[in-house]
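Peer 1: Below you will find the structure I want to go over with you.
Each reported figure results from applying straightforward, stated rules to the coordinates on display, with no laboratory input. All values reported here derive from a predicted model rather than from experimental measurement. Virtual Cβ from ideal backbone geometry, glycine too; neighbours counted across all protein chains shown.
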Amino acid sequence: MPTYAYLCRACGRPFEIRMSIREKDTWKPRCPVCKSAKVEQQLFGFSFGGSGGGQPAPGG
Ligand SMILES: [Zn+2]
């Protein structure tokens, strides 16, 4: 079963959902933290790091 990575655009938290492709067809992704439906699917294969990162530091 594939895992899909999402990023919540409302609270900025990344989360992963494991489901079948058939489920994904009807499933509406929602943030498990703030329950927002404003989420964006992330693609695997990217990596953070390097220069020019605009990501807010955790704990700040
Ligand atoms: Zn959220």
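Peer 1: Fewest Cβ neighbours within 10 Å first, please rank CYS34, CYS8 accordingly.
Peer 2: Placing the least packed residue first, the sequence is CYS34, CYS8.
Peer 1: Order these by the 10 Å Cβ neighbour count, fewest first: MET1, MET19.
Peer 2: Ascending Cβ contact count within 10 Å gives the list MET1, MET19.
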